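All remarks here apply to the structure that follows.
The values are calculated or read from the model by the stated rules, or taken from the named source; none is laboratory data. Since this is a predicted model, take the numbers as computed values, not measurements. Here the Cβ positions follow ideal geometry from the backbone for every residue, glycine too, while neighbour counts run over all protein chains shown. Note: accessible area is taken over every heavy atom of the protein model, side chains too, but ligands, DNA and RNA are not part of it. Shrake-Rupley method; radii C 1.70, N 1.55, O 1.52, S 1.80 Å.
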Amino acid sequence: MAVYTYFGGMDGLWKALRQEGFTRLAAQLAAVKMSADPVRDLAALGAAYLANALENPDLYRVMFDTGFDLEDTSAADETLDCLVRAIDRAKTNSRFHDEVDPLELATQSWTIGHGLASLVATGPLPHQALTHGVPMLTALFTSAGDQPGRCRQSVERGWGRIFPATPGSRDRSDRP
């Protein structure tokens, strides 16, 4: 009862848990070291998102329970904004077409990560299914204008920062 009293009831407890989940996710994404390769960085951010879900599967489920509002949306907003900034960098570096909408591509990228996280961390797929992240992100970023071979290498390097067991994904340096 003391916990419920401290948080003002069950609704307050759920709000605080959701807030904590997004605060932890924002911190995990902020810890991703940016490189000269924005496409690698996008993949590394996706891998960090997945790592956060795998490390905290119960909290991850609560984060997306929209039955309870967040007290402060800035942490949740920052998780998407860091992807948008990386996409802007990719456009500036001519990796993506100028007409690519950074928010739209960030949302599509997040959808891939969220799907994998939901199916592996809280669902029926084994950890090995995370290897699907590389071809899915490569296809997405190639459709945004990146060159297929260069894109695949960048995505493998970024993904391998968190999931080094992914075939061909060892990040040996921060060079593009």
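Decide, for the chain, between rounded, prolate and oblate: order the square roots of the alpha carbon gyration tensor eigenvalues as a ≥ b ≥ c, take rounded if a/c falls under 1.5, and otherwise choose prolate if a/b is larger than b/c, else oblate. Judged from the Cα gyration tensor, the chain comes out prolate (a/c at least 1.5, a/b above b/c).
Averaged per residue, what accessible area in Å² does the chain show with a 1.4 Å probe, protein chains only? The partial results should precede the final answer.
On the way: 8900 Å² over 176 residues.
Value for the chain: 51 Å² per residue.
Per-residue packing, averaged as other Cβ atoms within 10 Å, sorts the ranges 106-113, 47-54 into the order 47-54, 106-113, beginning with the highest. Subtracting the Cα-Cα distance of Leu103 and Ala2 from 0.36 nm times their residue separation leaves 32.2 nm of extension gain. Where only DSSP H runs of four or more residues are counted, the chain gives -21000 deg cm²/dmol as its mean residue ellipticity at 222 nm, each run worth -39500 (n - 2.57). The angle separating the long axis of helix 133-143 from the principal Cα axis of greatest extent in the chain is about 60 degrees. D by Stokes-Einstein for region 24-112, Kirkwood Rh over Cα pairs, 20 °C, 1.002 mPa s: 156 µm²/s.
The gain in end-to-end length when the His132 to Ala31 segment is fully stretched comes to 34.0 nm, 0.36 nm per residue minus the alpha carbon separation. With springs only between Cα atoms under 10 Å, which of Leu83, Leu137, Leu70 fluctuates most in a Gaussian network model of the chain? In the Gaussian network model the winner is Leu70. Note on Asp88 and Met10: their simple-model spin labels are 4.2 nm apart, each label 7 Å out from Cα toward Cβ.
Seen against the Cα atoms of the chain and their longest principal axis, helix 38-55 is set at about 30 degrees.
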